[in-house]
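Data first, discussion second: the structure below is written as structure tokens.
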Amino acid sequence: MKLATTLKDVQATASRCLRDARCTYGSWPENHILCPIYWHEPSFTFSGGGYLFLVLALLDKKIDFNQSTADFAFSCASCMACDSNCNLIRCHAPYVGILDIIRLLRGEAVKRGFVPEGTAKKMYDKVKKTGDYGQASSLKLPDKISSDKADTVVFAECAHTKAQKDISEAAVRLLEKIGSPVSQFAEKGCCGSTLYDFGFWEQLEPLAKANWEKMKGLKDKNFVFINPHCQEFVVKRYPEILPDYSSINNQHFSQFLADAFKSGKLKSQKADKVKVSYHDPCYLGRGLKIYDAPREVLSSLDGVELVEMQRNRENSFCCGARVLGNYVPNLSKDTARERIKEFKATGADLLITACAYCKDNFQKVMPGKDKTKVKDLIEFVDGRT
Amino acid sequence: MAKPNRDGRKTVCRELRESIGAEKVRDDEITLVTYGRVRHGFDFMWPFRKPSLVVFPETREDVVETLKIANRYKFPITSVGTAPIMLGTTEGGIILDQRRRDRVMEINTDSGYAVIEPGVSFDKLTSALRGTGFKCSVGTMPGPGTILGQALGRGSQSFTTRYLNVILDLEVVLPNGTVFSTGSSHFDNVGSHLRYGPYPDLAGLYTCGYGAMGVITKAAIRIHPVNEASKIHFAGFNNYSDAIDYVKDLINNNIPEHTFIWNWHMYLTWPLAPSDMETVMPQILESEIKKPPEGTPYNMVSSLLSGYKEQVEVYENICAKVAQKYHGRVFSEEEMEKRFPATMAGFRQQYGDFHYRESVHWSKGRFVGWYVFAEPKDMKEIEKFAVNEFEKFGKTINPVNYYSHPFDFGRSILLRISGFPDPSDTELRGKIAKKFNEMYDVALKKYRAVPIRPIGSKRAGTYMVVLRSIKKALDPNNILNRDSGLFEEGEL
């Protein structure tokens, strides 16, 4: 969606909504509830359609922007379940999805100075102060694999999460085991994904431009992303917001690992039997449609049995990490708890995910002794190869 | 009637919270505005009426308590499900959203009915019926839409060729808290197998009653056996008159379980996948409704043939023979698959899996529709009249989608024709609404056609006088669906 898009631009498409709850449920015949806020508060208001109606009510001056509007806008988990299931909104000009319209709502709230207290406010203050929201950190690649001429470029994300450091270190160890030459791309700052999601659009464009300036010299290489949020944003949004963007070859780390197993560059160790369940992160799954690679990787590991949760793949249920609004109390943690309940029902020993945000949020609600049951795929593979 | 005052709202809110639980009653501003225009979604064409409260009952007792409190304070109340509804809300009133009451309570495969709560969607019931050897009617609204929302509006569904309505039995709560069932289940320990008992059929009072006579809390609906074999037969026709003669002939000879006549815009666009929106749709938008491309039939008739395998084979041959008799051409499934893949995908889901196609539903979302019932020979003229009138709006309302099918073994034929103007073009849509009203008058007077939706109480004469008397007896404080729907703007 172009950053210049306004609420008025989406008025016609938003008013196509038939109020039929397609945005909240997964596909037939299971029809699981996938929208976290709807799961928590089953009401038309708390659904993709409800957000569209709020936009229309704002345009029709039936309600004004205020702090509640911002809290509500930021309470959506940004999980894309609505856009995966409702085909109606995105098929009409200006061809934006429901989540895009929610982001637009956030952007408009931010413009008017309404930002939810807590993480969102801290983030907003930091962005206002520094013009950035990143802590660019490069990977410590061992000399024996590090090469500027390598075809593979690992996209080293700025770390917004507690889990990122451990995951990045495990990624480096895996790269060393695979042994092929790699280089890295350390972001200038935030790639823009988080800023885009939360409506901090004024600061986003210069960051994305600066990143792309650095990236475009490497565009013929194969970019390997660790964080699906960054990958989704660069691959799907840079083309919309950067006029000189040209497509890049890209892989998620799980795809890179799957290739390494297939080519024999990475081998599983003999290990104890373990039953795991895989949580499809929203941006890797619904965002990038990468469902098979993580499962292929798990099936390449000795002694690992994969058991699926009831809601999986495109019908996965969000971890709740991206809920920053306070309109529905405890929504983020309750969403994570609901997913963990589903994980426990499988009888699996470990909950594997492939996104640092998911790992953080699951660990937040796990009792102390159980926190180690949540692992990122990269860490898990590192421990068994 | 005056809108409820602020003190009254506070009292009702407090009592409701105490009675059914605070978590089931919402009065925050965002909830209220998002429920302010529920009729056909947030449509700028309809008046915005912000409710005071939105209540989410979880049990029948919650509904009873809510109605009793609302009645005590003469507080207007409107019951809604999901998906488009044919009623307006009342400024300052209560909206009773029954979406949380979504249990399939019974599937009776001996008699052939399912007992459901009002929040049960088509998807939920079609899922529940998998593996039972039974199927239910699939509506012309998306799968997550509530079955009762459509059935109570006597909507067109996929097995109505043989039945006027899917409803067998309703459980109703009146404003004073009285609970009763309309059919056989009213008697202790009796199931819902029979709509008609020893008394007048009260379910009829609640179909197309739009919540004005009582709130439905449970329903029994028809389900149908999945036979040993089934097949969809397709025949193309170059005019509607031939298509009508064809379906009449088939139904008079008890051949199809269900049959539909589709115009070419509709059979090409209603089941479109998102990717088709960039390929098929642009051509349709530029086309003239009366001029399908060479080789594309103006009308396609789909007929569901079912029974024993041998029976279906015979039916297929009969369909081919009858199609020829009325100048039609049979389209094999292979040809349909090749030429109209989205259409086939839609039919496979509707008559193979027995659930609604997850498509770009109705191709463009919000539509403007004109619906009538008429006798077959009258309907042939009405189709020409309606298509001519729609053509005058120009290509800007393309696609002009219609379907038509026999109800009650062909005694009556339905025509539902819709266009898709830009939803925010209120000027054009205003013109269309005015034209539709004129068309209803012409259809009624010249072609003896009955509208399927309320078109204003003035046209209803003594029928409305009787309905008003019943309404006064059942709802003396006029709290139920006070504004719009069956009655107009609060009139009693």
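Read the figures in this text as sums done on the coordinates, not as results from a lab. Nothing here was measured: the structure is a model prediction, and the numbers come from that model. A quick note on method: Cβ atoms are made from the backbone with ideal geometry, for glycine too, and the neighbour counts reach across all protein chains shown.
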ask   = A:Leu58 fails exactly one of the following numbered conditions: (1) assigned to a helix (DSSP H, G or I); (2) buried (at least 24 other Cβ atoms within 10 Å of the Cβ); (3) at the interface with another protein chain (Cβ under 10 Å from one of its Cβ atoms). What is the number of that condition?
value = (2)
remark   = Subset of the range B:107-129, residues more than 10 Å from every other protein chain (Cβ to nearest Cβ) and closer than 17 Å to B:Ile216 by Cα, comes to B:Ala114, B:Val115, B:Ile116, B:Glu117, B:Pro118, B:Val120
key: Residue list for the range B:18-74, filter: facing another protein chain (nearest Cβ under 9 Å) and β-branched (Val, Ile, Thr)   = B:Ile30, B:Thr31, B:Val33, B:Thr34, B:Val38, B:Val54
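Is it the case that some residue within the range B:339-362 is basic (Lys, Arg), out of contact with any strand residue (DSSP E or B) (no Cβ under 7 Å at 6 or more places or on another chain), over 17 Å from B:Gln157 (Cα atoms) and not in a helix (DSSP H, G or I)? Spell out the reasoning first.
First pass over the range B:339-362, keeping only residues basic (Lys, Arg): B:339, B:348, B:357.
Subset that is out of contact with any strand residue (DSSP E or B) (no Cβ under 7 Å at 6 or more places or on another chain): B:339, B:348, B:357.
When the remaining residues are screened for being over 17 Å from B:Gln157 (Cα atoms), the result is B:339.
With the extra rule that they be not in a helix (DSSP H, G or I), the set shrinks to none.
No, the conditions are met nowhere in the range B:339-362.
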Residues being over 22 Å from the mean Cα position of the chain (by Cα), more than 8 Å from chain B (Cβ to nearest Cβ) and free of Cβ contacts under 8 Å to residues at least 24 places away in the same chain - total across the range A:1-55 = 1
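Yes/no matrix, rows are residues, columns are (1) within 14 Å of chain A (Cβ to nearest Cβ); (2) in contact with a Gly (Cβ under 9 Å, 6 or more places away or on another chain); (3) under 16 Å from B:Tyr403 (Cβ atoms):
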| residue | (1), (2), (3) |
| --- | --- |
| B:Asp245 | no, no, no |
| B:Asn253 | no, no, no |
| B:Pro256 | no, no, yes |
| B:Leu272 | yes, yes, yes |
| B:Ser275 | yes, no, no |
key: Residue identified as touching a helix residue (DSSP H, G or I) at 6+ places or on another chain (Cβ under 6 Å) and not in a helix (DSSP H, G or I) among B:Ile382, B:Ile413   = B:Ile413
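From the list A:Ala109, A:Ala120, which one is part of a helix (DSSP H, G or I), within 14 Å of chain B (Cβ to nearest Cβ) and either touching a residue at least 60 places away in the same chain (Cβ under 8 Å) or farther than 16 Å from A:Ser332 by Cβ (or both)?
Numbers: A:Ala120 fails: within 14 Å of chain B (Cβ to nearest Cβ).
So the residue among A:Ala109, A:Ala120 that is part of a helix (DSSP H, G or I), within 14 Å of chain B (Cβ to nearest Cβ) and either touching a residue at least 60 places away in the same chain (Cβ under 8 Å) or farther than 16 Å from A:Ser332 by Cβ (or both) is A:Ala109.
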task = Return only the number of the condition from (1) within 30 Å of B:Leu304 (Cβ to Cβ); (2) outside any helix (DSSP H, G or I); (3) without any contact (Cβ under 8 Å) to a residue 40 or more places away in the chain that B:Lys377 does not satisfy.
result = (2)
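Please state which one of A:Asp220, A:Asp197 is charged (D, E, K, R) and within 14 Å of the chain's Cα centre (by Cα).
Numbers: A:Asp220 fails: within 14 Å of the chain's Cα centre (by Cα).
After applying the criteria, what remains is A:Asp197.
Matching residues to (1) within 21 Å of the chain's Cα centre (by Cα); (2) surrounded by fewer than 21 Cβ atoms within 10 Å (Cβ to Cβ); (3) of a type outside the set (Ser, Thr, Tyr):
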| position | (1), (2), (3) |
| --- | --- |
| B:Leu170 | yes, no, yes |
| B:Gly177 | no, yes, yes |
| B:Thr182 | yes, no, no |
| B:Ile221 | yes, no, yes |
key: Members of the range B:143-152 that are assigned to a loop (DSSP other than H, G, I, E, B) and within 14 Å of chain A (Cβ to nearest Cβ)   = B:Gly143, B:Pro144, B:Gly145
message = For the condition more than 11 Å from chain A (Cβ to nearest Cβ) and part of a loop (DSSP other than H, G, I, E, B), what is the one hit in B:Thr132, B:Thr78?
response = B:Thr132
query = Does B:Tyr371 count as away from chain A (no Cβ under 14 Å), hydroxyl-bearing (Ser, Thr, Tyr), more than 30 Å from B:Arg130 (Cα to Cα) and in contact with a strand residue (DSSP E or B) (Cβ under 8 Å, 6 or more places away or on another chain)?
reply = yes
